[in-house]
């Protein structure tokens, strides 16, 4: 596994960028959600629902990949939240990225985050595109600042400013290429986009549907993705295979530039688990509230799966800060679940 050399100056620059990102995102949320209103996430704010699932580690995991939760054949309960990626809730008919956030429950062992060492959860965050559209800490800070200045069209200034030599054409193509009119969440493939450790390896993850419905077309109602998800799960279960893609070298599979897709021809995916979403109803008010308030971060993790790279270091701080801000504004206790029971403390506002 590559071992990047520590660069104090770069670390200081990243720290300043992280502070700027948190400030920009909090300002954006304050503008979007006035006092007394429900404060949603800064990304993936529109959820389609959160469903119960099982995460079943295969007996045939390749020997080299048997680390962390993949060390032995096992079964974990899981929550899976499906969502749209746009920073504002919008109709499902629009082109967008879709998210699939998994939270495994019942994972024993000390976790990475200091204030959640005893949590029994392990998160994997996936999106419906294999690469991210932000390259580094400075770009992340610039994008967050641009997004905080109304109107939203000013975000285009992040990609195409007054100086053509500074245009972010590569990043714009990464973003534009990730937006699609999705027909069915359970027939969509998802990727982690950024790398993590897997024991001595660096890897990316993907969830590929095993029960895809061929030939589907997007609907024409604002919430058709939720409607189709509910209809499919009312009738039958759905399955995904969970896959691991191993780092090869910095030229073919760069760690520090998530705008570059790792080619499957150079780094093939290997199956390690199966996700089973049983037939169910998920639209109760309590479960929809859980989809709104439950937090996900790749840093809810065992050390064996610790995220790597500068973008993940940013996510570590920013996700925690924005989650704390949002829960504080909403008066909701922020803590990790210990089962698939609907915990009132995760759902009910508590005002001081």
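Per-structure values
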{"item": "Computed label-point distance, nm, for sites residue 91 and residue 214 using a 7 Å Cα→Cβ extension", "result": "3.1 nm"}
{"item": "Three-way shape label, region 55-200, alpha-carbon gyration tensor, a/c 1.5", "result": "prolate"}
{"item": "MRE, 222 nm, helices only [DSSP H, n ≥ 4, -39500 (n - 2.57), over the chain, to nearest 500]", "result": "-8500 deg cm²/dmol"}
{"item": "Length-normalised contact order of region 8-346 in % [C-alpha pairs under 8 Å, at least 6 apart]", "result": "24 percent"}
{"item": "In range of the label at residue 23: residues from region 102-136 whose backbone nitrogen is under 16 Å from the point 7 Å along Cα→Cβ", "result": "none"}
{"item": "From the coordinates shown, P(r) over Cα pairs in 20 Å bins from 0, in percent corresponds to which of [x] 27, 43, 23, 8, 0; [y] 29, 63, 8; [z] 20, 23, 12, 10, 11, 17, 8, 0", "result": "[y]"}
{"item": "Cα centroid separation - region 317-338 against region 112-179, whole Å", "result": "21 Å"}
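A short reminder: the numbers here are calculations on the coordinates, not readings from a lab. The structure displayed is predicted, hence computed values, not measured ones. Note: ideal-geometry Cβ built from the backbone for every residue, glycine included; neighbour counts use all protein chains shown.
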